[in-house]
Structure formats: C-alpha cells, structure tokens
C-alpha cells in the first residue's frame, strides 16, 4: 500500500521554516548603539517692538503738465511786421510782453473813418436838436385844437431827433470796434509763460483765426496721480470746496543722468470721480515755480528745473496713524504669523494683523505689544518651542533709517530702472505703498 503526500504540505513547511529562520535572526542580532543627539540652538537676530505714530506714504507715477495752456490765434488780418526776440519754442515771455505786431495801416485808417463818422453823427444830432427847439417854440404860439399826438411829435421833429441819436450810437460803436481791432494788431503774452510751439513768423500774412503760437503757464505745474480705492484710507484728501486747504506734502523724484532729483509739491485737489475702467481716483499735485524763475530763499537748496512732460514718481504723505510696528516683509509667514522669542529664549508663534502694503516693509496694527521680541532672521524648518540664541537686538524703530521712506526711494538705480520701464509702456500709471 503506497503513501501519497498532500500537495499543500510543501508550501506550509516552507512558510514555517522561513518564519522560524527570521525569528532566530532577529533574536540573535547585536544591539544597536544609541547615539545621543545634541540639542540644536538656532542663532537669530531679534527686534524689540516699539510702537510708533507714522505716516504711511503712497507711491504713484505721473507726467508733469502745465495747469494752463493757451492757443493764441490772430483776431484781425494783416502782415506780421515785428516779432519778439523771445518768440521761439522754449522762449520765456512775461505777462504783457510783445509776441508779434501786425501791420496796422488799414486798422488805423478804419479808426480815422470811424472818428469822422462819429463827428458827422454828432453834427447831425446837434442840427436836429436845434430844429426841434425851434419847432417847439413855434408850436407853443399856434392854437392847439384838432391836432393828434402823432402829428404833434412829427411837428416837433422827435422821430428825426431819435434817428440822429441812433446814428451817433452806431458811429460810436464802430469807433470802439475800430480801436479794438487796432489794439489787436499788437499780440501780447496773456500771462508769464513759455512758448511751447511757434506757428507764425515775420512777413506772414494772417487772417482771423490763423494760429500764432501755443504757450503754457510756468508759475505752477501739475501732476495727475492715480490712487486705488484700497489706498484712499491712508490719505487725507481734499474734498469738494476744500481745494488746497489741507497741506498734504508730495515728494516728486526721478533719475536724471544717474542722479536722483527731488522736487517738493503739495496735493491740490482730487478729480472727484472714479475712473470707470481702472477704478482709481485721480489726484492732482501742484508744483510751485517748476522752472526756477523766482529767486531762491536763503537756505533753500537749488534743484534742477522740472520740465513739462517729465515722467516722475510721487511719494504722497499719508495721514498720521497711531501705534504701528514696522517690520521687514520677509519675516511674515503664511497666515500672517511671525516668530516671537519669549523670556526663556524659545520660539513662539504669534498671529498679527498687517496692512495691505507693498515694498520691503510691513506695518503691523495688532498682535504685538511694546517690548515683544520679534525674530527678524528668516528661519527654515523650525517648530514652536525651539531654543534660540540671541545674536543681536535692536528696536523696530531702528530697523529702517526712515520707516516712512520705502527702500525704492533710497535706491537710485532701482528708481531709474523703474522709470525706464514705465516710460517704455506709455502713459501707464502704477502705484505702490
């Protein structure tokens, strides 16, 4: 009788043998050496919180334009017989100075004819007045029966007298018109201005309406700046019927030949409506004496002229905001958290509230108290409770030389590059805070 081995026995034996071999190997392995990891201390810089009352500046960009520009045209006909020595593009002309003179021979003749017409009308009026006086004396000596009022007025020469008076008034009006035309042959500057474009010259015959020149005022200049809705709360803007009543300083700056030039301006007004496409409010800053034609006061540093058409950046002084903490932007982590070092020199997470700003600084409004130590060293993979070693400590007021002045303003190369990029994209107006 033969014995048959079941087919399942071989796999079961293999599993049992393998399991026993694994158990023997695990039990017979040597014990691993335990290595004690030293405590890791992170070296950091901290800033001690000092709350400050600051004005948060708003940055914008715009083009310098004249606040008043005039197209001068001829109002009378004639040939140009004289021009001013300053009558050229870029020439300065004071108010009332001669620009051009038109030949006035015909206009002087018109004045003489008008004067003669006035003299004739006065003579006719005097004669009619005398005839009316004689007629009135005769009328009194005649009986007054059977006469209508119309007949009496005609007999007393009242219609003829009114006609003579009307003719005198017309002659006087023609004389005033002739004299006015004669005055218009001398074209003068309407205000202190620069000639922007010269459109006529000596010997040219002008007709009424012929362009002569374009001039613009130079006592003031203006810059139109775009302010987004989100930034309006940081500014103290003049409103309706408050044009220029509150002094809001504006610092204009641009890079010229590698040098950063600044000009002082003030916020003059707002345009009062939002732009429908960009949803920004345009404000207008005004610059006094942009071409430096007035004598400088003592102690005032001389700057370069601010010419019309210059593309500039503007730093608008914001309203005074209390109890702000200025910190570097790179220490703000996701979720608006910062690392704070407690009294035991350990890291703690702190939730803060920061204003929506751009640039290298952030302005904390809540979450930090005076005396808190904020870690300003960027940290990688650390956890709350980690021990730190303080390498240096300074107050938040000392982190930036001027907390109200963004880093971009102190970097002339960055400003020059920004202005070049802005100029290459046309009249785009951006803003940063």
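Annotations for the structure displayed:
- Options 239, 309, 272, 299; residue that is at pLDDT below 85 and within 15 Å of the chain's Cα centre (by Cα): 272
- The set of residues in the range 186-227 that are over 37 Å from the mean Cα position of the chain (by Cα) and within 29 Å of residue 293 (Cα to Cα) comprises 186, 202.
- Output for the range 75-90, where each listed residue is assigned to a loop (DSSP other than H, G, I, E, B), farther than 10 Å from residue 205 by Cα and touching a strand residue (DSSP E or B) at 6+ places or on another chain (Cβ under 9 Å): 75, 76, 84, 86, 87, 88, 89, 90
- Residues in the range 271-293 that are assigned to a loop (DSSP other than H, G, I, E, B) and in contact with a strand residue (DSSP E or B) (Cβ under 9 Å, 6 or more places away or on another chain) were compared, and the one that is farthest from residue 237 (Cα to Cα) is 293.
- Within the range 94-143, tally of residues that are over 30 Å from residue 157 (Cβ atoms) and surrounded by 13 or more Cβ atoms within 10 Å (Cβ to Cβ): 13
- Test: residue in the range 288-306 that is surrounded by fewer than 17 Cβ atoms within 10 Å (Cβ to Cβ) and within 27 Å of residue 229 (Cα to Cα): no
- Checking the stated criteria, residue 352 turns out to be surrounded by 13 or more Cβ atoms within 10 Å (Cβ to Cβ) and either in contact with a helix residue (DSSP H, G or I) (Cβ under 7 Å, 6 or more places away or on another chain) or modelled with pLDDT of 90 or more (or both).
- Segments classed as strands (runs of 3 or more DSSP E), wholly inside the range 309-395, with at least 2 members that are without any contact (Cβ under 8 Å) to a residue 40 or more places away in the chain and not assigned by TED's automatic domain parsing to the domain that holds residue 196: 337-341, 347-351, 361-366
The values are calculated or read from the model by the stated rules, or taken from the named source; none is laboratory data. Not measured: the values here are computed from a predicted model. For neighbour counting, all protein chains shown are included, and Cβ atoms are generated from backbone atoms with ideal geometry for every residue, glycine included.
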